[in-house]
Structure formats: structure tokens, C-alpha cells
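Here is the structure we will look at.
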Amino acid sequence: MVERISPGGRVLVIDDDRSVHHLFRACFRGWGDLVLVADVETGIRRLQEAPPRLLVVGLPMAEGAGFRVLQFMQEAGLSDVPVLALSCLRTDWEDLLAVFGSERLARLVRPPLLLQKPLEPDLLRPLIGTLLGGTGATMPVVLMASADVSAVEAIADRWSRAGVSVVHAPTGADAVHRYEQVLPDMVLLGPRLPDMAVPEVVTQIRAVDPQAVVFAVTDGESSETTAGLDGRLPGPPLLSESWPLVYDWFWQTLRRRQWETCWEHAQAVLRELAQQNRRLTEEVPRLARRVETLSGRIEQYFRLAERLIARVRGLLAFAQGHADLMLERQADLEPGWRQYLEGLLQVVWDIQQVLDNLDVGLAIQRRALDFQVRPVTLAAVLRSVLERFQADVRQRNLRLDLDVPDGLPDWYGDEGKFRVILQCLISNAVRFTPAGGSVRVSLSYYPAGRAKSERIPLHLRQQHDLFVLAVQDTGIGIRPEDQARIFEPFQQISDVEYGGHQGLGLGLAIVRGLVEQMGGALWVESRYGVGSTFYVVLPGRLGVGRPTERGPLGPKTPA
């Protein structure tokens, strides 16, 4: 249904709340150019035909139709049209922000005005004037159906002094016809109409406009029923002196209807929430059973992985023992066997390192890490780990440097876990650095409050002594878009551009899991084609930071 008051459509109102239509009709007389639309499809067509000076749209329309109108506004390039969004609930504005975002909404709705129902005429009139640039005086229009012509003329004369226009209809049928023509603000039905009863007139008027405001004018003698009316008013001569009271009743009626619409909307929201709650309540037990089943399977996979790792460790120990024994008897070896056995031991060590990483990864996933906190001389650990990489470094023609200042205090933590972190970082640096490049490992110590890097969490910088490990390489570097995901498990960024290097994709995820559960911090600084530096920050005493618990190699803040 479309209602137009004056051609041109300066203001377009799209809302399925008919009381809003009635309110705008009443407030808009004297302004002209008003189009009232009750469904979104028609409203969008009107927007396409002629963009309005002002759009008024109800947010809680059926199936989110109000939001569809705003989306169309943006897609059609109509973001310069001011919008008044009418809301029943505060959540409508929150939904608006959720759908569009604050920045996008600011571009779409200009100015971004949200009016809460029930709307007040004293607010609406000056607001329209501000948006359209005018004052537009309103003249209320009252349709009065009565067979008593002299009484109507007396009331019309008196009310015209208050700026009210009275339209007379001598019969019920004429009242219905005049209503369609004039669309008055309110209807007054006198008693004993000559052609039809008052309830029948009300029914036909409400068929034209379900939100029509209709009062019965009584003379104290009529016994006609007033069911379906908005109220009773006294007859002449008292009525002619009562325009302020009648006008107040009119606005109270519109206000009440807006509240009723808001209540219906709220009830619909509550019903929808109740249905969703019932569905979730029914779904939770099924999901719980599913989670229990999957948890059991995952635990089985964990146990299987642990048995496989133990089996492979046994085979590696057997191979390593025989290789060591043969090297001890090198005088009996044929030429070339010594080089072969040393290569075999290097492969064994590489596989053992992979198994160590898998062990730690499984422990992180099961949240079963056990930290053995003891005083550790980190400089000695660094030299020991770097020694294991010397053969690989020589083979790749790389330079491996260590920078550790003298007099560092002991670190109170788990030496084995620190070795895993160090081995993963150095292994990556060596693997991704081309021949002739260099890898530099450095360790620094900062008393509480002395570290300056803003990449280090504030609580660590201010409250704890810190050790900062840096592993720097002159390798191929990491593209910015890849830097966020390299710490995720099983993420491979190795391709032709990265030199075709392959791995399990677990090393950096394990480093992250260990560092975070130690209460530390981890980040990378890299330039693609130049090199990378990985930083690990650990508190001087393990457990004094604020470690986070992770899901499968990922963080989870403890309760």
C-alpha cells in the first residue's frame, strides 16, 4: 500500500507500522511531498524511481526488511540521503552496528539518527524542519460524520480559531469516501447516522486505514455500541470548547499504538529467542555426546602416536648404537665407511629432533606439559645446541655466530623445553638461509623495568627480569601476509619462492606453545628477500609471567 500526500516525494517513509504512517501524516501537513510505504519491495522501487530528500525506515520490519533498505541505499550510491531509523528496541541499534560496522554505518546513514518509539510530535516536527530546511506549519484535519449540520458548523467555527480544519460528512458512507480522499488525522462519529451504524462505519474506515483514530461523539441518549473505537467524546456544546483535550487524546492514542507495536515486536523477538533456546537445549546433549566420542578417538590417536614414537626411538637407538660401535673400531672399516656412518648418525639425530618436537606437540595439545624448573646456565645450553648444527652449517657453507655477554645470571626454567625452542628456531634459520649466508644467535638480559621494546607485554617489562633470545638469519625472509600464519600448526609456506623447503609445519607452532605456557612472548621481524629475526622473551623465573593455556597448539586464557 502506498499513500502519497503531494507529488514529488521529498520524504519517503518505509515502515509496516501503520501508526507511524498516521503520525507522519499528522505532523507533515503543510510540508507536502510525503510518500508512505508499508512494504520494503515497494519502498526500494520508490527509491529507484526518485531518491527522496529524507528517508524514514523502520528497523524492526518483518524478516529484517529495514536493514535490507539500508543495504540497498549503500549499494545504489544513495549514502548522501539523510536517514531516520525508527526503532522499538535498543538492540535494533546494536544489530545495525553489527550488520554494517560503525565506519560503514557512518558512511551509509547521514546523519545517523536513530529514533526510539513511541515517536513524539514535539520532537519530530523540528527534526524534519532541521533536515529539510523549513518550518512547515501543521494544520490538523478532523473528519466529523454527523447528521446535525448546525452542530458541526459550530464546532468547525470554534476549532478553526485553533488552526484545526474540520471536514463534514453527513452520512456514514460519505465519511468512508471522505476518509479515502482527505486522510484526516482523526475521525469523530456522531450518533444516529442515517445510513449505517457506528460500528459498521468504523469497520469500513479501518479497512482503508487500520490505524485510523476514531472517536464517538455521544449525546447521552444514543445506545449504539462503541466497540472498536478509541474512545468517547462529549457532544456539543462541550465538544466545541474541548479541542486541546481532544488533540491530547489523539496523540495519546497514537502513542499507545506505537507502544502496542513495540510490544508485539518485543514479543516476537522473545518467541524467536525461546525457539532458538529450545533448539539449542535439544542440540546440546547431542553435541556433548559427539564431543565425548571425538575426545575418545583423539585420546586413542594420542596413545597410538606415543607408541609409534617410542617404537621409532627404539629403532633409532639400535641404529645409533651399532653406528657408534663401528666408529669405535674404525681401524677395521673399509674406506668410505666412516663418512657413511657419520652421515647415518646425523640422520638419526635429525629424526630424534623430529620425535622430540612431536612429543612436545602432543603434550601441548593434551595440555600435559610438565615443567622441571631448575637453575640453567643458558650460555652453556646455547653453545651445546649450536655445536650440534656445526656439520650442517659447514655443509651449507654458512656462518653461525653466537653473541652472549659475560656474567649472565642463571635462568630458572626447564632446560629441555628451552633446547626444543632453540633447536626449532636455529633449524629453520639454517634451512632457509642460502649458501654464503649467516645465522646469528644472541641472548640478552634485562632487569625488571629495563626492557624497552613495546612488542614485550607491559606486565613482563615492568614486573619481571627478562631473557631475550634472538635468532637472526640472512635467508629468504617471510612475506607480510605469511608472518601471521607461520606460528599455526601444519602451516606450510614453502614453495618455489621460499626455496621449495618442506617440513612438518610444527616447529614454530611448538615454539609458540612452549613460550606462551612459560609466560613469555614471541614475534618475528622479517623483510622478504632480506632475512628474518625471531625473538623469544622469557621471564627470569618460570611461572612468574602470566602463561596462557592453548587448545591444539593454540592459546586459551585460563578461567
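Per residue, what volume in Å³ does the Cα convex hull of segment 261-366 take up? The partial results should precede the final answer.
Details: hull volume 13.0 nm³, N = 106.
Expressed per residue, the convex hull around the Cα atoms of segment 261-366 is 122 Å³.
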Within segment 192-275, GluC sites (Glu not before Pro) in DSSP loop having at most 10 other beta-carbon neighbours inside 10 Å: Glu221
Footprinting exposure proxy for Ile155, Ile205 (fewest neighbouring C-beta atoms within 10 Å first): Ile205, Ile155
Segment 309-326 versus segment 348-419: alpha-carbon centroid distance in Å: 21
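Grab the other residues whose beta carbon is less than 13 angstrom from that of Trp523, score K and R as +1, D and E as -1, and report the net. It would help to have the intermediate numbers written out before the result.
Numbers: positive: Arg455, Arg512; negative: Glu454, Glu516, Glu525.
Computed value for this residue: -1.
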Normalised contact order of segment 141-240, rounded percent, pairs of Cα under 8 Å and 6 or more residues apart: 29
Net dipole in debye of segment 261-366 [+1 Lys, Arg Cβ; -1 Asp, Glu Cβ; about Cα centre; nearest 20]: 700
For segment 141-240, alpha-carbon Rg over 2.2 N^0.38 Å: 0.96
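Please rank Arg256, Arg450, fewest neighbouring Cβ atoms within 10 Å first, as an exposure proxy. Could the numbers behind the result be given before it?
Values: Arg256 13, Arg450 10.
So the residues, fewest neighbours to most, are Arg450, Arg256.
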Cα pair distances exceeding 21 angstrom across segment 319-439, given as percent: 54
Phi to ³J(HN,Hα) by Karplus 6.51 cos²θ - 1.76 cosθ + 1.60 over segment 398-412, Hz, x for Gly, Pro: 10, 10, 10, 10, 10, 10, 10, x, 6, x, 5, x, 5, 9, 9
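FYI, it's all coordinate maths here, none of it is from the lab. Everything numeric in this text was worked out from a predicted model, so none of it was measured. Cβ atoms come from the backbone with ideal geometry, glycine included; neighbour counts cover every protein chain shown.
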